[in-house]
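Participant: Take this structure first; my questions come after.
The values are calculated or read from the model by the stated rules, or taken from the named source; none is laboratory data. What you see is a predicted model, and the numbers here were worked out from it, not measured in a lab. Counting neighbours? That spans all protein chains shown, and the Cβs are built from the backbone with ideal geometry, glycine included. Side chains included, ligands, DNA and RNA excluded: accessible areas come from the protein's heavy atoms. Shrake-Rupley method; radii C 1.70, N 1.55, O 1.52, S 1.80 Å.
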Amino acid sequence: MNKTISEPPGSSRSKRNVLSFPHSKYAPQAQLEIALPSPYRSVDDMVHDLRPEEPVQCLRPATVAQTAKWFLRNFPGDVMYAVKVNPDTRVLRILARAGVKHYDVASLAEVKLVAETLPGAKLYFMHPVKSRHAIRDAYFQYGVRDYSLDTMDELEKIMEVTQGADDLSLYVRLSVSSQSAAYSMERKFGVEIENAVELIKAARAKSRKLGLCFHVGSQCMNPEAYATTLQKVVDLVSEADVKLDIVDVGGGFPSIYPGMTPPSLGAFMRTIKKALKSHASLEHVQVVCEPGRALVAEGGSMVVQVDARKGNMLYINDGTYGSLFDAGVPGFNFPVRAIRPGGAFGGELVEFGFYGPTCDSMDVMKGPFYLPADIREGDWIEIGQLGAYGHTMRTNFNGFFTDTTVEVMDKPLLSIFGIN
């Protein structure tokens, strides 16, 4: 359901900074922006005024801008935002205003979205497997010149569709270990290291600029994973005896969650810088990264309402088929806090699990989520760190789909950047 929250009786505000995003199966990123007054000072103010009966996404523009500027200041190269993490056009514009000029797009729909939202942005089609029509339209209609690949077949496909273009930057995707990450990225994509030399040589012969790229896995908890993989890049380039123009260290930079506190992002940057400086062959190579989760996670949260309580299980109006996929299947534990306008909570914080609103028994989030012992039906819960994947993973399964967004000015529930 596409919904814009209306003004409650007696509200002191005549306007709200509320966005409604029409959803369709074929173009889920299509969005319509409406009613753009000043944001709420806090999530609590929003709940107090609106008493929302459906989930509300809370966007923190200042937080997104701060994290983007941190990456731009601290990464020793170009920062390329992974659009899949949150394709909201508001987020894209915030990042662009903060100085992000490079965007990792993984589908033709994302190519179109970013090209139309941010004319002039540099697009990188970093999905290693693409359809012919996606390559054709990306190249001829949207001017994309940077493409990832991990097989000889994909290289030949790109060259055939682009009619033997001589202005391509081609990135050979390597399969590397994801043992330090919450999500493995090593099986579906990437050429095995021992089989990479032939593909690297072939890509060098076809490309204006040759790049090597890798992904150490999502939510990487060990900075040394980047240094280890950069050593493999150096060894491969030496074995292939080719000129390397670009190295893309991928994404995987972590955010912070309850029970999952990674090393500081500064430690990741220091490790990458040290590794780059230690290899003479990388001295004049362009360096790129693809942050997604770490870049936008803190910039969004969801406010849900408790529909029922059974013991220490709360039935809430959003779930794994909505914004909380990561809380279900991979079992991420998100920061939470309870909200009861005009009232107070009693008792200590205790462990709860969540059930989502659908009729599917898999719509469960085990947590634990620590909330007041006396939380009850009708209370609200803010769930943090959902600027990453919260917006983009939603479905309309069982008819439960809402897409209302408000802007807020308060700080995120948790911050690896020290925003508090």
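Participant: Would you confirm, using the coordinates I've provided, whether Lys130 is of a type in the set (Lys, Arg), under 23 Å from the mean Cα position of the chain (by Cα), surrounded by fewer than 20 Cβ atoms within 10 Å (Cβ to Cβ) and at pLDDT 95 or above?
Facilitator: Working: of a type in the set (Lys, Arg): yes; under 23 Å from the mean Cα position of the chain (by Cα): yes; surrounded by fewer than 20 Cβ atoms within 10 Å (Cβ to Cβ): no; at pLDDT 95 or above: yes.
It is false that Lys130 is of a type in the set (Lys, Arg), under 23 Å from the mean Cα position of the chain (by Cα), surrounded by fewer than 20 Cβ atoms within 10 Å (Cβ to Cβ) and at pLDDT 95 or above.
Participant: Okay, moving on. Taking the residues in the stretch 133-146 that are of a type in the set (Gly, Ala, Ser) and under 14 Å from Ala165 (Cβ atoms) as candidates, determine which candidate is surrounded by the fewest Cβ atoms within 10 Å (Cβ to Cβ).
Facilitator: Within the stretch 133-146, the first condition is being of a type in the set (Gly, Ala, Ser), and the residues that meet it are 134, 138, 143.
Filter once more, so that each one left must be under 14 Å from Ala165 (Cβ atoms): 138, 143.
Details: Ala138: 26, Gly143: 11.
Among them, the one singled out is Gly143.
Participant: Further question on the same structure: Answer yes if at least one residue in the stretch 340-356 is open to solvent by 20 Å² or more (accessible area, probe 1.4 Å), of a type in the set (Lys, Arg) and part of a loop (DSSP other than H, G, I, E, B), and no otherwise. Before you say what the answer is, go through the steps one by one.
Facilitator: To start, the set of residues in the stretch 340-356 that are open to solvent by 20 Å² or more (accessible area, probe 1.4 Å) comprises 340-351, 355.
Going one step further and asking which of them are of a type in the set (Lys, Arg), we end up with 340.
Within this subset, residues satisfying the condition of being part of a loop (DSSP other than H, G, I, E, B) are 340.
Within the stretch 340-356 (the criterion being open to solvent by 20 Å² or more (accessible area, probe 1.4 Å), of a type in the set (Lys, Arg) and part of a loop (DSSP other than H, G, I, E, B)), the answer is yes, since at least one residue qualifies.
Participant: In the stretch 32-39, is there at least one residue being at pLDDT 50 or above, open to solvent by less than 10 Å² (accessible area, probe 1.4 Å) and either part of a loop (DSSP other than H, G, I, E, B) or at positive phi (or both)? Give the derivation first.
Facilitator: At the first step, the residues of the stretch 32-39 found to be at pLDDT 50 or above are 38-39.
The next check asks that each one be open to solvent by less than 10 Å² (accessible area, probe 1.4 Å); those that pass are none.
No, that holds for no residue.
Participant: Filter the stretch 147-174 down to the residues that are out of contact with any His (no Cβ under 7 Å at 6 or more places or on another chain), in contact (Cβ under 8 Å) with a residue 60 or more places away in the chain and buried (at least 23 other Cβ atoms within 10 Å of the Cβ) and list them by number. Break it down into steps so the answer makes sense when it comes.
Facilitator: Our first condition is that a residue be out of contact with any His (no Cβ under 7 Å at 6 or more places or on another chain); within the stretch 147-174, this holds for 147, 149-174.
Add one more test, that the residue is in contact (Cβ under 8 Å) with a residue 60 or more places away in the chain, and what stays is 169, 171, 174.
Result: Tyr171, Leu174.
Participant: List pairs: first residue in the stretch 57-78 and farther than 19 Å from Lys277 by Cβ and touching a residue at least 40 places away in the same chain (Cβ under 8 Å), second residue open to solvent by 30 Å² or more (accessible area, probe 1.4 Å) and assigned to a helix (DSSP H, G or I) anywhere in the structure, Cβ distance under 7 angstrom, at least six positions apart or on different chains.
Facilitator: Every condition considered, the pairs that remain are Leu59/Arg90.
Participant: Could you check, for the stretch 394-401, whether at least one of its residues is closer than 18 Å to Val43 by Cα and touching a residue at least 40 places away in the same chain (Cβ under 8 Å)?
Facilitator: Applying the first criterion (closer than 18 Å to Val43 by Cα) to the stretch 394-401 yields none.
Checked against the condition, which is being closer than 18 Å to Val43 by Cα and touching a residue at least 40 places away in the same chain (Cβ under 8 Å), the stretch 394-401 yields no hits at all.
Participant: Residues to consider are Pro9, Pro28; find the one that is more than 30 Å from Val111 (Cβ to Cβ), surrounded by fewer than 21 Cβ atoms within 10 Å (Cβ to Cβ) and either at pLDDT below 95 or over 15 Å from the mean Cα position of the chain (by Cα) (or both). Before the answer, list the steps.
Facilitator: On the way: Pro28 fails: more than 30 Å from Val111 (Cβ to Cβ).
The unique qualifying residue is Pro9.
Participant: May I ask you to say which residue of Thr271, Thr261, Thr320 is surrounded by fewer than 17 Cβ atoms within 10 Å (Cβ to Cβ) and among the β-branched types (Val, Ile, Thr)?
Facilitator: Working: Thr271 fails: surrounded by fewer than 17 Cβ atoms within 10 Å (Cβ to Cβ); Thr320 fails: surrounded by fewer than 17 Cβ atoms within 10 Å (Cβ to Cβ).
The conditions single out Thr261.
Participant: For the stretch 160-168, indicate whether the set of residues that are closer than 22 Å to Gly251 by Cβ, touching a Ser or Thr at 6+ places or on another chain (Cβ under 8 Å) and at pLDDT 95 or above is non-empty.
Facilitator: Filtering the stretch 160-168 for residues closer than 22 Å to Gly251 by Cβ gives none.
Looking through the stretch 160-168, none of the residues is closer than 22 Å to Gly251 by Cβ, touching a Ser or Thr at 6+ places or on another chain (Cβ under 8 Å) and at pLDDT 95 or above.
Participant: Okay, moving on. For the stretch 95-114, enumerate the residues that are under 20 Å from Val288 (Cα atoms) and hydrophobic (A, V, I, L, M, F, W, C). Let's see the steps before the verdict.
Facilitator: Residues of the stretch 95-114 under 20 Å from Val288 (Cα atoms): 95-107, 110-111, 114.
The answer is Leu95, Ala96, Ala98, Val100, Val105, Ala106, Val111, Val114.
Participant: Here's something else I'd like to know. Of the conditions (1) open to solvent by less than 70 Å² (accessible area, probe 1.4 Å); (2) out of contact with any helix residue (DSSP H, G or I) (no Cβ under 8 Å at 6 or more places or on another chain); (3) modelled with pLDDT of 95 or more, Ala205 fails just one. Which one is it?
Facilitator: For Ala205, the failing item is (1).
Participant: Now for a different question. Taking the condition of being without any contact (Cβ under 8 Å) to a residue 40 or more places away in the chain, assigned to a loop (DSSP other than H, G, I, E, B) and closer than 15 Å to Ala65 by Cβ, how many residues in the stretch 79-117 meet it?
Facilitator: Going through the stretch 79-117 one residue at a time, the tally reaches 3.
Participant: Something else: Quick one: would you say Leu72 is farther than 18 Å from Ser323 by Cβ, open to solvent by less than 40 Å² (accessible area, probe 1.4 Å) and either out of contact with any strand residue (DSSP E or B) (no Cβ under 6 Å at 6 or more places or on another chain) or assigned to a helix (DSSP H, G or I) (or both)? Talk me through it step by step, then tell me what you get.
Facilitator: Working: farther than 18 Å from Ser323 by Cβ: yes; open to solvent by less than 40 Å² (accessible area, probe 1.4 Å): no; either out of contact with any strand residue (DSSP E or B) (no Cβ under 6 Å at 6 or more places or on another chain) or assigned to a helix (DSSP H, G or I) (or both): yes.
So Leu72 does not fit the description; no.
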